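The values are calculated or read from the model by the stated rules, or taken from the named source; none is laboratory data. This structure is a prediction, so every number in the text was calculated from the model and none was measured. Glycine also receives a Cβ, built like all others from the backbone with ideal geometry; neighbour counts cover every protein chain displayed. Heads up: the accessible areas ignore ligands, DNA and RNA and are worked out on the full protein's heavy atoms, side chains in. Shrake-Rupley method; radii C 1.70, N 1.55, O 1.52, S 1.80 Å.
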Amino acid sequence: MKWAQVTVTTSQEASDAVANYLFELGATGLEVKEELPAVALISYFPLDDLVGGHVQNLRRFLDSLPGAGIDAVPAEVSLKCVEEENWSEQWRSAFPPQKIGQRLIITPTWHHITTEPSEILIQLDPGMAFGTGQHPTTQLSIQLLEEAVTGNARVADIGTGSGILAIAAAKLGAKRVDAVDLDTTAIPIAQRNVQLNDVTSIVHLRPGDGLQVLDGTYNLIIANILTKVILPMIPQCPQFLKPDGRLILSGIMASEAPQVEDQLQANGFRCLKIQQQEEWVGMLAAWVKPT
Amino acid sequence: MAKKVAGIVKLQLLSGQATPNPPVGPSLAPYMVNIPEFIKSFNARTQDQQGLIVTTVVTCYADRSFTFEVKSPPTAVLLKQAAKLAKGSGEPNRTKVASVTQPQIQEIAQTKLPDLNTTSLESAMRMVAGTARSMGITVSE
């Protein structure tokens, strides 16, 4: 199938009227590109005999707008033929399986890959904006998780998003992971991913604000959030950590790293590792219980 | 974490009826985001307003994830609701099909003000009144 792409470039003042007219001509939707003071309204119609008439009607409509007290300049109409493509599938090519750290492989469900016995597979379909494994902060977190997760550890994941880090912790040997997110839309997405990776008996998802919904103490707390959220959270961490418990922090811009390091030291943490990828920094710290 | 924005796509779509066909497919494809996921989420979020045109703003990130928000319906849709009208006039200069009052124009302008590039209620009202006239809707005092 071919589509006629009809673009009307007009004033902001006229854009609502023109958009309405495009819908009345049968457009099923519009893309609105604001290049102020002009606005381009991009609409599509099946490429058939009616398209020429639509364009003529549009030109007539634009000419009539000054009569309604609307300045429609530049009032340009352009027509382009667009070939039908498989828009639903194209995006998949951007998500090949990716190896992160030494052992973890993150792959969308439509790739069927064979792993080595030492490798750990996580299946995760990209979608709404929560960790897909593509972002440096997620990759830094996973690399540090590989070092920090010990067998039978109790882990808390603050700001779990897609659940990727909680799943990784479970697959690396944690016996229990409490995964928390303030955004209630993230929880069902994370739940789906936890089920997909068969770690429902280990990963427990709960909606809530940061550390407040945790109970007991943990061997490891991981927070891949933002520095402004991490800084006030650090002083609260010791009460949720076992002696010699670890803390992984990510989502920190390189320029903010010294501030986070200072806050860690001021609250009894020793920085074990600092890793940088692009402009992002991940930190692994140990809490030294005061004697 | 703060993600790098690759692009922002503004669409006007029928609530609950988005498909991968244009404009959704060709406008989102360059950002390589999961289009079926957007369609499913958009249709789920707007299903209560089935068939009503709404504006949605999709933020596409460099890691190919996305978020979207659903804004208020376009001015013309609000005018049709106020005037209880299914369709605008084909010849707005000659054939008048309905009328709305100044308070109705003001109410619509207030609803649309956050989406317009103006903070002046007066200019927003002028734009709404102009759109009304372009649809063959007269504005009574």
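Taking only pairs six or more apart or across chains, which ones have beta-carbon atoms under 6 Å, a first residue in the stretch B:23-37 that is closer than 11 Å to residue A:89 by Cβ and within 7 Å of chain A (Cβ to nearest Cβ), and a second residue that is at pLDDT 90 or above and open to solvent by less than 10 Å² (accessible area, probe 1.4 Å)?
Short answer, once both residue conditions are applied: B:35/B:28.
Tell me the residue from B:117, B:43, B:93 that is on the phi < 0 side of the Ramachandran plot, surrounded by fewer than 22 Cβ atoms within 10 Å (Cβ to Cβ), under 17 Å from the mean Cα position of the chain (by Cα) and not in a helix (DSSP H, G or I), please.
On inspection, the qualifying residue turns out to be B:117.
When only residues in the stretch A:216-234 that are farther than 20 Å from residue A:172 by Cβ and within 13 Å of another protein chain (Cβ to nearest Cβ) count, which is most open to solvent (accessible area, probe 1.4 Å)?
A:228
Which numbered condition trips up residue A:126, out of (1) more than 11 Å from chain B (Cβ to nearest Cβ); (2) surrounded by 24 or more Cβ atoms within 10 Å (Cβ to Cβ)?
The failed condition is (1).
Checking the structure you have, find out if any residue of the stretch A:110-122 is small (Gly, Ala, Ser) and open to solvent by less than 10 Å² (accessible area, probe 1.4 Å).
No, the conditions are met nowhere in the stretch A:110-122.
Restricting to the stretch A:239-262, name every residue that is open to solvent by 50 Å² or more (accessible area, probe 1.4 Å) and either more than 14 Å from chain B (Cβ to nearest Cβ) or part of a helix (DSSP H, G or I) (or both).
Passing the criteria: A:239, A:242, A:243, A:244, A:246, A:255, A:256, A:258, A:259, A:261, A:262.
Looking at this structure, is residue B:104 at pLDDT 90 or above, open to solvent by 50 Å² or more (accessible area, probe 1.4 Å), more than 8 Å from chain A (Cβ to nearest Cβ) and assigned to a helix (DSSP H, G or I)?
yes
Could you check residue A:17 against (1) farther than 26 Å from residue B:38 by Cα; (2) assigned by TED's automatic domain parsing to the domain that holds residue A:148 and say which number it fails?
Of the numbered conditions (1) farther than 26 Å from residue B:38 by Cα; (2) assigned by TED's automatic domain parsing to the domain that holds residue A:148, the odd one out for residue A:17 is (2).
Look through the stretch A:70-84, keep the residues that are open to solvent by less than 50 Å² (accessible area, probe 1.4 Å), facing another protein chain (nearest Cβ under 10 Å) and assigned to a loop (DSSP other than H, G, I, E, B), and return whichever of them is nearest to residue B:136 (Cα to Cα).
Here the residue is A:70.
Tally the residues that are more than 7 Å from every other protein chain (Cβ to nearest Cβ) and at pLDDT 95 or above, restricting the search to the stretch B:7-22.
So the answer is 2.
With the requirement that a residue be open to solvent by 60 Å² or more (accessible area, probe 1.4 Å) and at pLDDT 90 or above, what does the stretch A:1-45 give you?
Residues satisfying the conditions are A:33, A:34.
Across the stretch A:46-64, what is the number of residues that are touching a residue at least 40 places away in the same chain (Cβ under 8 Å) and at the interface with another protein chain (Cβ under 9 Å from one of its Cβ atoms)?
1
Please determine, by comparing only the residues of the stretch B:51-88 that are open to solvent by 40 Å² or more (accessible area, probe 1.4 Å), over 23 Å from residue B:135 (Cα atoms) and assigned to a loop (DSSP other than H, G, I, E, B), which one is nearest to the other protein chains (Cβ to nearest Cβ).
B:64
Those residues that are open to solvent by less than 40 Å² (accessible area, probe 1.4 Å), of a type outside the set (Val, Ile, Thr) and touching a residue at least 12 places away in the same chain (Cβ under 8 Å), I need them from the stretch B:128-141; list them, please.
The answer is B:129, B:132, B:134, B:135, B:136.
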